[in-house]
Structure formats: C-alpha cells, structure tokens
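Following: one structure in structure tokens, then a few remarks.
The values are calculated or read from the model by the stated rules, or taken from the named source; none is laboratory data. Just so it is clear, the model here is predicted, and its values are computed rather than measured. Cβ sites come from the backbone with ideal geometry, for glycine too, and all protein chains shown count toward neighbours.
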Amino acid sequence: MSVSEHRSAIGYIPSIDGLRTIAVVSVFLFHLKSALLPGGFVGVDVFFVISGFVVTASLMDRRFESLKQLILFFYARRLVRIMPALLVMLLATMLLSNFFVPSSWLSGFSDDVGKSAFVGVSNITLALRSDSYFAPADAFDPYLHTWSLGVEEQFYLIFPFLIYWHQARKQDRDFDRAMLSVIALISVASLALSGWLSGDLQRYAFYFMPPRFWELGLGMLLCLSVARWRPLLAAAPASLAALALMLASAGLLLSFAMPESDRFPFPMALLPTLSTVLLIAILVARNEGIASRSLSTSLMVGLGKRSYSIYLWHWPVFVLMRWTTGLHTPLLMIIGAVVALLAGCLSYMLVEQPTRGHPIIIKMPRGRIVAASLAIILLCTTLGFGMVRFKGKMSLSETAHFSLWYADQYKKLSPQLSKCEIARNDEVGAAGHIARFVPNHCQMPAQQGRLVAIGDSHAIVYDPMLRQYAAATGRRVSLMYNGGCSFLPLNIPMAKNARCAAATAASTAALQKSLQRGDILFLPSLRIQRIEDQWVELPATKVEKSPPLQRGDAVAEATQLLRTLSARGVRIVFEAPTPLFRSPPFRCSDWFNRSNPICAPGLTMPRQEILDLRAPVLAAMQEVAGNVEGVAIWDPMPTLCPTSVCPSVIGKTPLFFDADHLSGYSNDLLYPSFSRFMGKLDAPVAKVGPQRAAL
C-alpha cells in the first residue's frame, strides 16, 4: 500500500508504514517457527485494520460524479496495487512447486488453493476443504497465506458502494451519521457471526470474509470519523495520551504472545484488533510522539512499504524449504528468512514499483486499466491451470514415475494378466467410499461370488491389485474404505473410535445385508501403531502413542461379526500387517530432499523390530481364526521383506510411497502371492443364493 494511499485529507503518516512492519514481522516469525512468536498469526488482524483505514483514507478527499466513476477509479488502483506482484508470485511458486513438490496426499490440495488464488477465492477453497489453519498439513501448502488476500478482495466488492453513499452526502451531517451507523451495524453483525462460527465451525470464521468484515470495518469507521476524534485526542493531556499508548502497545504485545486457540478469531482477535485501532488513532492525532518517532525510522518505513511483497513471498519460501532442505535448524531458519526478505524486496523493486509508477499506466483511462488487468488475470490463470495440468511432466522428483509410486485408480493393469475389461463405479455414502470393479467381455468363465475389501487408507492402496484380480479372474470386486478408520482394528472396539463410529456401523450393516455364500471378505487396515510424526518436519523417533488397548473386547467384537458372516458361507481373509518406516520415501528419494531431517532415520527398518510391533496383532488374528470357521490370514511380509532388513525403496524402485502405504510397484509385486492365496480359498462352493443387495 503506497505512500499516496493515505496522503489524502489525513496526510501521509509514515508511522503507519512502521506499524505494517510490526504486523509483517509477527507473521514472518510465526510462520518461520511458531515457538518464536506463538501468537504471530494475529499480524493478519493488524493488517486488516490498517487496510480498512488506509483504503478509506485514499478516497476521503476525492469527489466522483457517479458510482461508475468511483468504481473504475477504485478498482483500477486496487488491481494495479495488488495483482502484478500476486500473479508473479503465484506463477513462480507454481513453477517451483511443479519441480520440487511431489504429488501426494500431503500436497494434492495445495494445487486447488493455488488455482483459486488467481481469482481471489482461495480463502473459500480453504474453508470448504480444510480442518484448521493450524492443521499440520497446512505447513506444506505454499499458497495458504493467500487466504487473507481473498478476504480483502471480497471486501473490495462492497467497499466502493459504502464509500460512495458516504461521500455523495458527506455534507449532510444526518446522512453522514446514518452511513457511519450502517457500517457500524454491519461490523457488529459480522462480529456476532464470527462469535457464532468460532466454535464448531472455526474454519468458516477464520477464512470467510463476512465474519472478518468487522476488522476491516473498524478501520473504515476510524477513518470516516477522523474529524470527530482527532481534535479531541490531539488536545488530550499528555498523561492520558501516554496511558492510551501504553495500553495499545501492551495489548498488541500481549496478542503476539497468545497461544493458538480454537476460539479464533472470536474472541481472541478482539485484543489485537482493538489495540491496532487505538494505536492508529494515537499515531494520526499525535504524530510527533514517541510512538510515531519509533515507527517512522527509515528501516521501519522501508520495510512497511515492502510489507506486501514480503508477505507474498515469505510463505512460499518457507514451504519450499520444508519440502526440500528442511527448515529445522537455526542456520536454515536464517537462510529462509534472508531468502524471503530478498525475494520480497526484489518483488517490490522489479514488480510493484514499476507497474504502479509506469507512465503508460498513469496516463491510461481507468476503464482501460480495469479491462487490461482482467485480461492479464485471465491469461495468468490459464497459464497457472496449465502448469497444474502438466505438473507430472515438469516434476524433477522420482515420484514422477507414476506407475511405480502411485497405487491409485490411474495405474494401468497388466494386459498379459487381464482376461476381462473392467468397468469402475464409485460412490460415497454413509458407509464411506465404495469402488466397484465389474468385469466385462471376459475370455473365460467368471469365478463365482464376490471379493469385498474393506478398511482404511491401507485398503485404498490395494486398488490396482484388486482391479487386476477382477480383470484376471472375472470375479466382481468391491472396495470399501474410510480414511483413518480401520475396520476391525483388533485393539479397540470400533464403536469406541468416536470419529469413525458412524461410518464403521454403516459399513458393518452393509456387509451383514449383502454378503452371502461364495463371497470373500478381505480385511486390510493399519492395525499397528505408526511411527510418530512420520510426515511433518522433524524425524520420527518412536512408535506413536496408542489408545488404551481393549484387545479382548475388540477380538470378541470381531469374532461375533465374523461368525455371523461365516455361517452364511462367507470366507474371511485378514491382511497381516505390512512393514512401516520412520521416513517417507516420497519425501526422501531425490537429490534435493535427502538432507531433510525427516529423512535422517533412513529408508530401512530391522525386520525383527517390525515383527515385534505386529506380533500382538497377529496373535489377535490367530485367536479370531481359531474361533471362527473360514477365517484365514494372508501375509505380504515374506514378499516385501524376505531378509533381516526391510527396505522401503530398492534402488529407485519404491515398495512404499510413504512410511506405511504401499506403492504402485508393490501392488504388482504382491499380486502373484495374493492371487495364489485367493485361489486356494476357491474350493468348490455351493450354488450362490438369491440376488443380493448391491455393495
């Protein structure tokens, strides 16, 4: 936001640029390492108040003949001010992300956020698809910070109308008061909405513009009422002004020390927002005081002028370092900070300043500026979408060998093994996701019965193997899965997992309704505890803490359910636990990320350690198998780890995608073992019964 933006009737206040410096530094340090400044996220709230104040000040002494004239003037300035640096950052970040960030569950959502940032709706995308601003995966999204720009850009959709009605009748004191009342009422309504959403729907309160309007609205009200309060505050006793300054400064400092909270933005944002309002009022009314002098130094003003570009670049720099070298040591933090500052200053010097001060742009009619800006935005958006579309072809990562790494629906089947064509049908319901693989045009008689697989994300990664099985045998296959919800986990009853209870209950009911004689129920899931923190910034060191074990109750639950199914002639196959590792291969297999601390434990595990971890689970499976007829255990371990050391990668060929999910290559590797095992179960069975419910 340039000097000229708040020169107007209020006059240029250098200390407001200094206040921006405090805000951007707080966000900077919070994102660099939250332990340095726990409440640094409130710097965005400071920015919102400043933005509402400064943008309003930029129009205070201007008169417009019509609403159209104001709109064109306002949007021309905003587009030239915001978009060039933003578009350059987005395109550069997309390019670098394509090179260095592998496609994965940890990064897949970020492309959607990046695309939506081109048109100012990344905050809406995040609100609809993110659990929290503080979710661990958010640290790996290079576009996360654009949410605040989305809030401001949506605020600009209503701002010109409010300011025009105020300016059109500014000389009418009654109308002036009425307009201030309208803005105040909208702000109060926004605050009430923020309070209502800040509990169970916190992400909506955090990301959406309506619950954030009150912060920008306070800046507007402060500016529009400056003629009322400025003389009073300027004439106030020095002791009173000093007390107000002390309260505002203490409130802001206390805000930066606040811990993360699920009551944000309401009520936690009240303190930084109100403190900023009071501080701006002091700076405007008494701009020769100690606060103004402290914030008006050349360093503070210089950084403040560059704060927008610094804000744009700091987060992509930090995220790209997390994906490559890491950002975990003091030295790497210093390097990250220097690179981010340099990138921000270069953006200011090479993009912001030249576009805002270019003679052609200055002389160009406002309408033409708006039209040209929209055309450039459309062009850059198209280019950005294209880069996302061709990300796989641009990647420098080993994971670009999709067939080896990704165990998903796009992995092609072996034509030599396939005797049928496969039609795939997917649906989502109360029981979770269901993918059905229906064989067609088979070259041999299809096997009777169905294979139904059910489990958590460790069932999803058998998608290629199960499709291959359907294509090779002609047997219909259904894959049911709920990420994070193990089916019959054997260490705790399913109903005790509050997050998964409803889905697992629906899945159980669906199985009981549909499974009949001749069907096979395959039960893959993660039933051993993960290695702790295997996918965040620091290397894993110990096994994840497990919930209080209730193995006896869990085994009884499995026994009861599986006896019911076995009595119908359903055959049941448990998947014995597969190996797991301390480092995720997809983040540790390239020259640019091998030094990352997440990779320090290496890509192997002692076989005996894995055997010890899975021993209690195997004992529970064997207990169930001993009590229920027709229960068998398929063990992938001999294929995946035949020696004393278990690898997650052999050369450049991955057995695992991350620390415990199988790769696409492993699906090919395990298929012969799985097919032979299932073939042994296919002893002659009685004729299949009546038509069953679809599963």
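Observations on the model:
- Checking each residue in the range 600-622 for being more than 22 Å from residue 524 (Cβ to Cβ) and out of contact with any helix residue (DSSP H, G or I) (no Cβ under 7 Å at 6 or more places or on another chain) picks out 600, 601, 602, 604, 606, 608.
- Entirely in the range 281-363, the helices (runs of 4 or more DSSP H) that have 2 or more residues that are within 30 Å of residue 235 (Cβ to Cβ), touching a helix residue (DSSP H, G or I) at 6+ places or on another chain (Cβ under 9 Å) and not charged (D, E, K, R): 290-295, 298-305
- Annotation note: of 83, 94, 89, the sole residue that is touching a Leu at 6+ places or on another chain (Cβ under 6 Å), closer than 20 Å to residue 311 by Cα and assigned by TED's automatic domain parsing to the domain that holds residue 315 is 89.
- Scanning the range 267-291 for residues that are under 34 Å from the mean Cα position of the chain (by Cα), surrounded by 16 or more Cβ atoms within 10 Å (Cβ to Cβ) and farther than 15 Å from residue 218 by Cα turns up just one, 268.
- Candidate set: the range 59-83, residues that are within 37 Å of the chain's Cα centre (by Cα), surrounded by fewer than 21 Cβ atoms within 10 Å (Cβ to Cβ) and not aliphatic (A, V, I, L, M); chosen: the one farthest from residue 153 (Cα to Cα): 73
- Of the residues making up the range 395-412, those that are buried (at least 16 other Cβ atoms within 10 Å of the Cβ), over 16 Å from residue 651 (Cα atoms) and under 25 Å from the mean Cα position of the chain (by Cα) are 395, 406, 407.
- Residues that are among the β-branched types (Val, Ile, Thr) and either more than 14 Å from residue 44 (Cα to Cα) or not assigned by TED's automatic domain parsing to the domain that holds residue 114 (or both), drawn from the range 298-320: 301, 317, 319
- Test for residue 144: is it surrounded by 18 or more Cβ atoms within 10 Å (Cβ to Cβ) and at pLDDT 95 or above: no
- The residues of the range 380-393 that are touching a helix residue (DSSP H, G or I) at 6+ places or on another chain (Cβ under 9 Å) and exposed (fewer than 14 other Cβ atoms within 10 Å of the Cβ), listed by number, are 390, 393.
- Count - residues of the range 293-317 that are surrounded by fewer than 21 Cβ atoms within 10 Å (Cβ to Cβ) and either farther than 25 Å from residue 84 by Cα or among the hydroxyl-bearing types (Ser, Thr, Tyr) (or both): 5
- Residues considered: 435, 431, 423. Of these, the only one that is farther than 27 Å from residue 587 by Cα, touching a residue at least 12 places away in the same chain (Cβ under 8 Å), loosely packed, with under 13 Cβ neighbours inside 10 Å and not assigned by TED's automatic domain parsing to the domain that holds residue 91 is 423.
- Of the helices (runs of 4 or more DSSP H) lying entirely inside the range 141-232, those carrying at least 3 residues that are out of contact with any Leu (no Cβ under 8 Å at 6 or more places or on another chain) and not hydrophobic (A, V, I, L, M, F, W, C) are 147-155, 173-197, 213-224.
Every residue, every condition in (1) in a loop (DSSP other than H, G, I, E, B); (2) surrounded by fewer than 20 Cβ atoms within 10 Å (Cβ to Cβ); (3) among the small types (Gly, Ala, Ser), yes or no:
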residue	(1), (2), (3)
629	yes, yes, no
639	no, yes, no
642	yes, yes, no
659	yes, no, yes
665	no, no, no
669	no, yes, no
672	no, yes, no
680	no, yes, no
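- Test for residue 369: is it part of a helix (DSSP H, G or I) and either under 30 Å from residue 25 (Cα atoms) or free of Cβ contacts under 8 Å to residues at least 24 places away in the same chain (or both): no
- Filtered residue count, the range 580-599, keeping only those that are out of contact with any Lys or Arg (no Cβ under 8 Å at 6 or more places or on another chain) and surrounded by 16 or more Cβ atoms within 10 Å (Cβ to Cβ): 9
- Taken together, 445, 415 contain a single residue that is without any contact (Cβ under 8 Å) to a residue 12 or more places away in the chain and more than 23 Å from the chain's Cα centre (by Cα), which is 415.
- Residue in the range 463-482 that is at pLDDT 95 or above, of a type in the set (S, T, N, Q) and in contact with a helix residue (DSSP H, G or I) (Cβ under 6 Å, 6 or more places away or on another chain) present: yes
- Taking the numbered list (1) assigned by TED's automatic domain parsing to the domain that holds residue 529; (2) surrounded by 20 or more Cβ atoms within 10 Å (Cβ to Cβ); (3) of a type outside the set (S, T, N, Q); (4) assigned to a strand (DSSP E or B) in turn, residue 633 passes all entries but (2).
- Looking across 520, 610, one residue alone is closer than 30 Å to residue 400 by Cβ, buried (at least 17 other Cβ atoms within 10 Å of the Cβ) and either at pLDDT 95 or above or over 26 Å from the mean Cα position of the chain (by Cα) (or both). It is 610.
- Contact annotation: residue pairs with Cβ atoms under 7 Å, 6 or more positions apart or on different chains, pairing a residue in the range 46-61 that is without any contact (Cβ under 8 Å) to a residue 60 or more places away in the chain and over 16 Å from residue 269 (Cβ atoms) with a partner that is surrounded by 24 or more Cβ atoms within 10 Å (Cβ to Cβ) and not hydroxyl-bearing (Ser, Thr, Tyr), are 58/6.
- Test: residue 489 is assigned to a loop (DSSP other than H, G, I, E, B), crowded, with 20+ Cβ neighbours inside 10 Å and not acidic (Asp, Glu): yes
- Residues that are polar (S, T, N, Q) and over 22 Å from residue 552 (Cα atoms) within the range 479-506 comprise just one, 482.
- Residue 48 being assigned to a helix (DSSP H, G or I), surrounded by 24 or more Cβ atoms within 10 Å (Cβ to Cβ) and in contact with a His (Cβ under 8 Å, 6 or more places away or on another chain): no
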